[in-house]
Amino acid sequence: MELTGKLRLKLRAQSGLFVVLLVALVMLLAYLAREYRKDWDVTRSTRNTLSPATLEVLKQLEGPLKITAYAVSPDAGGANVHKRIEERLQGYRRAKPDILLAVVDPREQPKRAEAAGIRTPNEMVIEYRKRTEHLAVEDFNEQTFANVLTRLARGTNSLVLWLDGHGERKLNGVANHDLGEFGHQLRQKGLRLNSLNLALAQEVPVRAALLIIAGPQVELLPAEADKIKRYVENGGNLLWLIDPEPLRGLQPVAEALGLVLTPGTVVDFVLKPPSGAPAFAIGAAGNYGRHPITNGFGLNTLFPYARQISAAESDEWRVTPFIDVAPRGWVEVGKLDENVTFDKARDVPGPVTVAQAFERTVGDRQQRVVVVGNSQFLSNSFLGNGGNLDLGINIVNWLSGADNLITVQPRPTADSSLEIDQITLYLIAFTFLMVLPLAFVITGTVIWWRRRRAT
């Protein structure tokens, strides 16, 4: 084929057009890469992806969130702490573009660090609507940061009281039957906790977001019960955890709510222990009632030795049952042991309602009450079972009016660890430090010898 001037011109035109199209394609790809972002998290348990609960908390923060990180860079190990902080916050800034991040070296601006109240070399100051939280960089993870955001998002009405002085489960107690860990989690969410002894207090403080009554063991004085009744009648929010035992003088409060409390303990053979009575009832995901506390709640919950909670029909209260258990179990009225059997004449067949929510309007505010036929599910012994903690926090959030914070709590990322015994460790070291280098030397020597003989 003869290469004429006309053909040469066509080839040049084609080459030029190819270059122009290639440059245009590269520019288009660069524009798309800048405007649109797609990430794939291939880590174990998607540890680099924010949980839906954390994303929901970020959505509740209307307006800018300012983060000032005071960090020494490089640190003692030579690592670039400033870059590490920016990388850790990338996912949050993508989810909430108005997060304003500033990274400051306290050695260069000591007065600014002192004014901010910095107590450690690497510390973050998070500000939202004139409220401030501090978080050490070393403690930063999704769980701790989500707790900080929740505290910032919560309003000022955050005082939670628990009844004390009658052997109740304490929200600061460390015994297995106490609710100390639950109380700790509530503090992490920005709630303030105080005990309330009605033998000393004139009334239940009206400034409280809610009052918790968790299984008193001795009788309340009539005057104490009257104070709680007045608190409820005046519109106070209440979380009442009732076990299968006497009400200890709180009958007037039960009457004010219209509670119908039948005797007996819930029996459920779904989770039968190796020994003892099958009295561990399961609240199954997907079977909860339609209520803000359990909307979207997809975790099972455990209620040991629960009782049935019913309520009479009322024009005053809007009553919503939101937890049913033991669909194939019953309420055992008789003796409770491992050989328990259903008696049609006296026992109540399942499913059994163990939690009811009450609402009404008092003046210009909404009053909310939750009654749960079990106090052990929030105890230190059982709080870690299934979704007990998440359910408890959702209940408190709803009672305190923080509906926007009702969500499944973010979970700490599971640790990824590889456990190797000492023999295996020695074998790996011997293989990589002795066997492989020796194999390379022998292979190289053989190749060299063969080439030398060939020449």
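The values are calculated or read from the model by the stated rules, or taken from the named source; none is laboratory data. Nothing here was measured: the structure is a model prediction, and the numbers come from that model. Counting neighbours? That spans all protein chains shown, and the Cβs are built from the backbone with ideal geometry, glycine included.
Here are a few things to note about the model shown:
- Members of the stretch 202-232 found to be farther than 28 Å from N380 by Cα and among the small types (G, A, S), listed by number: A223
- Considering residues of the stretch 163-203 that are assigned to a loop (DSSP other than H, G, I, E, B) and among the basic types (K, R) only, the residue modelled with the lowest pLDDT: K189
- All of P273, P205 fail the test of being in contact with a strand residue (DSSP E or B) (Cβ under 8 Å, 6 or more places away or on another chain), surrounded by fewer than 13 Cβ atoms within 10 Å (Cβ to Cβ) and on the phi < 0 side of the Ramachandran plot, apart from P273.
- Failed item in (1) among the basic types (K, R); (2) more than 27 Å from the chain's Cα centre (by Cα); (3) closer than 20 Å to Q143 by Cβ, with K96 passing the rest: (2)
- Per the listing G373, G363, the residue uniquely in the same structural domain as N172 (by TED's automatic domain parsing) and modelled with pLDDT under 90 is G363.
- Index of the failed condition, G401 passing every other in (1) under 38 Å from the mean Cα position of the chain (by Cα); (2) modelled with pLDDT under 80: (2)
- G298 vs. criteria of a type in the set (G, A, S) and either under 22 Å from D178 (Cβ atoms) or part of a helix (DSSP H, G or I) (or both): no
- Checking each residue of the stretch 336-351 against the condition of being buried (at least 20 other Cβ atoms within 10 Å of the Cβ) and in a loop (DSSP other than H, G, I, E, B) gives at least one match.
- Hey, L220 within 30 Å of the chain's Cα centre (by Cα) and under 19 Å from L161 (Cβ atoms) or not: no
- Complete set of residues in the stretch 300-314 that are touching a residue at least 60 places away in the same chain (Cβ under 8 Å) and either of a type in the set (S, T, N, Q) or not assigned by TED's automatic domain parsing to the domain that holds V354 (or both): N300, T301, Q308
- Verdict on G276 being of a type outside the set (A, V, I, L, M, F, W, C) and farther than 20 Å from A357 by Cβ: yes
- For the stretch 102-119, residues that are surrounded by fewer than 16 Cβ atoms within 10 Å (Cβ to Cβ) and of a type outside the set (D, E) total 9.
- Meets criteria (of a type outside the set (A, V, I, L, M, F, W, C), under 34 Å from the mean Cα position of the chain (by Cα), in the same structural domain as A199 (by TED's automatic domain parsing) and surrounded by 13 or more Cβ atoms within 10 Å (Cβ to Cβ)) for G249: no
- Set side by side, the residues L200, L210, L239 differ, and just one is free of Cβ contacts under 8 Å to residues at least 40 places away in the same chain and either over 22 Å from V160 (Cα atoms) or not hydroxyl-bearing (S, T, Y) (or both), which is L200.
- Checking each residue in the stretch 145-179 for being touching a residue at least 60 places away in the same chain (Cβ under 8 Å) and either at positive phi or among the charged types (D, E, K, R) (or both) picks out R154, R169, D178.
- Of all the residues in the stretch 58-88, those that are under 17 Å from T150 (Cβ atoms) and of a type in the set (A, V, I, L, M) number 4.
- For H184: the one exception among (1) assigned by TED's automatic domain parsing to the domain that holds L238; (2) over 19 Å from the mean Cα position of the chain (by Cα): (2)
- N147 surrounded by 13 or more Cβ atoms within 10 Å (Cβ to Cβ), under 28 Å from F303 (Cβ atoms), modelled with pLDDT under 85 and of a type outside the set (D, E, K, R): yes
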